[in-house]
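What follows is one structure encoded as structure tokens, with my remarks underneath.
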């Protein structure tokens with residue numbers, strides 16, 4: 001078990017997501033940066049769908065109640081174990097009673113903590129990913145206890161550290177044309193691909209982009225959207241939908257991010273800029 | 001489904017969007033649902049899920065099992081296979097609603113806006129048989145059509161920050177039920193005391209697209225009685 005001593009800014013349990021329930025309005029959820037979450041599992045020899053902790057901007061302080069192996073990937077939150085600095089992107093052995101500190105992220109937005117065998121938290125509709133109204137919790141709070149499997153000798157298969165792995169910090173975001181793209185006038189299209197867009201308010205539901213564009217498209221009949229769908233609001237603001245986004249929406253869907261660009265976007269914080277590029 | 005009214009578009013690396021240019025109708029929704037059932041039967045493990053909507057459908061697939069080109073060909077073939085719209089008996093659900101103004105926070109505004117009495121709003125809303133058009137927005141949120149034309153209204157300019165679970169809202173020609181506390185912009189005309197989404201149930205939501213719903217006006221004291229025992233309340237339905 002892990003005990004949460006300090007919860008951090010927004011710490012959740014995530015896996016690859018919840019599939020098969022979009023039809024009843026349940027979002028897919030899952031780790032925002034799927035590449036980093038998969039790496040955390042890969043390092044420990046876990047199944048890539050194992051549940052990890054997603055930590056946002058300011059990480060938690062965690063006490064281990066049992067011996068186990070962990071891995072830390074994604075944004076650099078300057079991790080330390082019992083006040084001794086530890087490395088990311090490699091398996092780490094932790095003893096019962098050890099305390100892991102994660103502080104402010106110096107590079108990126110989201111860090112991931114993998115644990116040998118994955119976290120054994122409640123599974124709802126096929127997934128352990130936190131989501132309000134589906135799981136009991138929408139984020140971890142102080143004194144929460146999270147279960148994980150005991151390490152046995154047969155589960156000791158591990159991968160070496162991956163030293164050259166860096167989270168993707170490029171500002172180029174690849175997009176496909178969305179279903180309503182062709183309704184944009186040529187001037188708006190030009191602006192979309194020639195503007196350095198500033199990241200505005202953002203969370204697991206979506207990223208707002210600050211710079212407005214002219215919007216001549218009216219609302220559409222409520223239609224399916226996906227993580228990565230870029231909606232154009234009536235005020236001309238672009239919103240990039242993320243893993244916890246609703247399953248349908250009435251704003252024009254002008255663009256769609258490719259999957260690896262979703263991972264890079266999820267490491268961006270407010271004030272950073274991105275450039276949209278058609279693929 | 002007319003062949004030239006259906007469009008297939010690659011949406012991203014793992015989904016195809018199917019769009020119909022037909023007029024929105026219950027007939028269209030029924031045929032989208034039958035088409036969805038056929039796709040689920042034919043594609044099996046290559047399919048992750050089909051998300052039905054009012055005039056479109058998202059087909060999410062496993063790119064390790066099939067590529068988009070082959071999938072579109074299969075989808076096209078299935079759409080022209082002349083499949084029969086399943087004629088199962090439709091469920092018509094009876095949903096108790098208390099239209100007291102303490103719950104229907106926008107009743108007064110709507111009455112002024114549409115120049116219609118509150119009594120008439122309630123009588124029109126509770127005498128209409130609604131169709132479940134689609135689900136989305138929140139887990140278990142039902143999009144219901146169509147409101148009587150005298151109830152037509154735009155969403156509120158400024159969404160409410162906390163609409164209570166069970167609230168019944170209207171916007172444009174649709175009604176909707178908020179299955180959980182949520183921000184929202186629909187005009188709230190009443191509240192139901194029952195629970196609309198139970199994550200631990202085998203089917204977390206009682207209804208599905210294609211079903212019908214009728215609202216039954218109840219008193220404040222009935223609301224309180226039902227709410228006290230909401231976990232054991234069985235939503236009643238008839239077969240049409």
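Listed values, structure above:
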item	result
Residues residue A:3 and residue B:108, FRET efficiency given R0 of 51 Å [Cβ-Cβ distance, rounded to 0.05]	0.50
Length-normalised contact order of the range A:1-138 in % [C-alpha pairs under 8 Å, at least 6 apart]	31 percent
Listed peptides A:169-181, A:120-132 by packing density, highest first (mean Cβ within 10 Å)	A:120-132, A:169-181
Kirkwood Rh in Å, taken over the range B:128-207 so that all alpha-carbon pairs contribute	12.9 Å
Square roots of 5 times each gyration tensor eigenvalue, C-alpha, the range A:172-278, largest first, Å	18, 16, 12
Chain A - mean residue ellipticity at 222 nm from DSSP helices (-39,500 (n - 2.57) per run, n ≥ 4, rounded to 500)	-2500 deg cm²/dmol
Shielding score for A:227-234, defined as the mean number of other chain Cβ atoms within 10 Å	1
Column: log10 I(q)/I(0), Debye, Cα scatterers of the range B:94-240, q = 0.09 Å⁻¹	-0.24
Mean ellipticity per residue at 222 nm, deg cm²/dmol - from DSSP H runs of n ≥ 4 across chain B, formula -39500 (n - 2.57)	-7000 deg cm²/dmol
Along each principal axis, Cα extent of the range A:2-155, largest first, Å	48, 36, 28
Separation between Cα centres of the range A:241-279 and the range B:33-89, rounded to whole Å	26 Å
Euclidean distance of C-alpha centroids, the range A:175-227 and the range A:83-108, integer Å	38 Å
Efficiency of FRET between residue A:210 and residue B:221 - r from beta-carbon atoms, R0 60 angstrom, step 0.05	0.70
Length-normalised contact order of chain A in % [C-alpha pairs under 8 Å, at least 6 apart]	22 percent
Relative contact order computed over the range A:172-278 (Cα-Cα under 8 Å; 6+ residues apart), in percent	41 percent
Kirkwood-type radius of chain A, with distances r between different C-alpha atoms, in Å	19.5 Å
Cα-only Debye scattering, the protein assembly as shown: base-10 log of I(q)/I(0) at q = 0.08, 0.10, 0.11 Å⁻¹	-0.56, -0.87, -1.04
For the range A:50-100: Kirkwood Rh in Å [reciprocal of mean 1/r, alpha carbons]	11.5 Å
Chain A: angle of helix A:34-43 to the longest principal axis, Cα-based, in degrees nearest 10	20 degrees
The range B:3-79: mean projected area of Cα convex hull, nm²	4.5 nm²
Rounded tilt (10° steps) of B:118-127 against the dominant C-alpha axis of chain B	40 degrees
Crossing angle, helix B:26-43 versus chain B [Cα axis fit, 0-90 degrees, rounded to tens]	50 degrees
Peptides A:40-51, A:135-146 ordered by average Cβ neighbours within 10 Å, highest first	A:40-51, A:135-146
Cα centroid separation - the range A:1-35 against the range B:166-240, whole Å	28 Å
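Just so you know, all these numbers are worked out from the coordinates, no wet-lab data involved. The shown structure was predicted, so the numbers you read here are calculated from the model rather than taken from an experiment. Please note: Cβ atoms are built from the backbone with ideal geometry, for glycine as well, and neighbour counts cover all protein chains shown.
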